[in-house]
Amino acid sequence: MISLPIPLFGIPLKGVNNPILIMFAFTNSQITNETPDLPQEFFEYFKEATGFECTVNVNLKGKIPFVSKYVYLSYLYFKEAIKKCNLPISDNEMNDVLIMIDDTLYNSEVIRGLRKALLMGKDILYRDGEDPVEVNVKKFKIQLLYSYPIPQSFNYIDNSLIHLVGILPVEFAETQDLNLIRMENGLWFSLYSIPPPIRLDWKIIWDLNWASVIELRGEDNFNN
């Protein structure tokens with residue numbers, strides 16, 4: 001069983017730099033000896049940044065959010081390439097190249113947050129341009145269920161909604177109150193008309209250009 005970082009709380013609002021709660025979750029994903037499922041541009045930027053072209057057969061299979069798969073698999077690919085092709089690159093240099101590729105491909109705060117959490121190996125509250133805050137979130141096993149494209153514009157926004165969206169990641173990190181899952185699911189509907197799941201153990205998360213619904217399983221009992 002592999003543990004991957006996921007953006008459990010945090011809703012994208014254009015022009016707003018709110019916190020994102022990144023936590024590690026267990027998945028049934030498996031590492032396979034197949035061609036890596038990464039964007040073609042990733043390999044081009046890898047070659048441009050390192051000066052090497054290395055063929056590595058390593059992939060990640062499972063029902064997991066796109067952002068988690070991309071961040072973990074790109075790291076795994078780089079580590080395997082260093083070993084297989086004897087790349088003269090330190091861990092710090094590898095991390096710098098990965099961050100550069102992330103920003104060139106996506107320039108997304110959710111990707112930056114996930115990358116930071118993976119490199120630290122910690123659950124974090126992440127806000128662009130600030131030092132991450134380490135937190136300790138209860139552990140879940142997750143599974144990706146389905147996804148919706150995030151609309152280009154939201155239905156309605158004001159300062160009170162911006163504050164509520166920003167405070168929920170912090171509140172969950174502090175209280176671990178499972179009712180906040182339902183609260184943020186409702187905000188996804190209010191802001192973007194993403195249909196909220198009926199079950200409390202189903203959570204909408206920010207999955208780059210998608211709002212993905214994941215199932216959460218843990219020791220706690222969820223009230224549906």
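When the Gaussian network model of the chain links Cα atoms closer than 10 Å, the mean-square fluctuations of TYR126, TYR72, TYR106 top out at TYR106. Across the chain, C-alpha contacts under 8 Å between residues 6 or more apart give a mean separation that, scaled by the residue count, equals a relative contact order of 25 percent. Residues in the chain average 49 Å² of solvent-accessible surface per residue, probe 1.4 Å, ligands and nucleic acids excluded.
So between MET100 and GLN152, what do we pick up on full extension, going 0.36 nm a residue minus the alpha carbon distance?
Taking MET100 through GLN152 to full extension adds about 16.2 nm, to one decimal.
When the accessible area of segment 12-101 is split by element with a 1.4 Å probe, what percent falls to carbon and sulfur? Whole-percent figure for carbon plus sulfur exposure: 47. With respect to the chain, whose longest principal axis is taken over its alpha-carbon atoms, helix 179-192 is tilted by about 80°. The simple Förster model, with R0 at 35 Å and r as the Cβ-Cβ distance, assigns LYS47 and MET1 a FRET efficiency of 0.60.
Restricting the calculation to Cα atoms, every distinct pair contributes to the Kirkwood radius of the chain, found to be 18.1 Å. Within 10 Å, at most 10 other Cβ atoms, and a DSSP state outside H, G, I, E, B define an exposed site. Report the longest part of the chain free of exposed GluC sites (Glu not before Pro). That gives 1-129 as the longest site-free run.
For the chain, modelled as a Gaussian network with Cα springs under 10 Å, which listed residue fluctuates most, PRO195, PRO169, PRO65? Per the Cα network of the chain with a 10 Å cutoff, PRO195 tops the list. Quickly work out the LYS139-to-LEU200 label distance, labels modelled 7 Å from Cα along the C-beta direction, and quote it in nm with one decimal. Placing both labels 7 Å beyond Cα along the Cβ direction yields 2.3 nm.
The stretch between THR55 and ASP131, if pulled fully straight at 0.36 nm per residue, gains 23.8 nm over its current Cα-Cα span. Pull up the cross-link candidates among the aspartates and glutamates for LYS69, meaning alpha carbon to alpha carbon under 14 Å and not fewer than 8 places away within one chain. Within the straight-line cut-off, LYS69 pairs with ASP37, ASP102, ASP207.
For segment 138-224, what D do you get in µm² per second when you plug the Kirkwood radius from alpha-carbon pairs into Stokes-Einstein at 37 °C and 0.692 mPa s?
242 µm²/s
Taking the DSSP beta bridges with both ends in the chain, the antiparallel portion is around 95 percent.
The values are calculated or read from the model by the stated rules, or taken from the named source; none is laboratory data. What you are looking at is a predicted structure, and each value in this text was computed from that prediction instead of being measured. Neighbour counts run over all protein chains shown; Cβ positions are idealised from the backbone, glycine included. Surface areas here come from the heavy atoms of the whole protein model, side chains and all, with no ligands, DNA or RNA. Shrake-Rupley method; radii C 1.70, N 1.55, O 1.52, S 1.80 Å.
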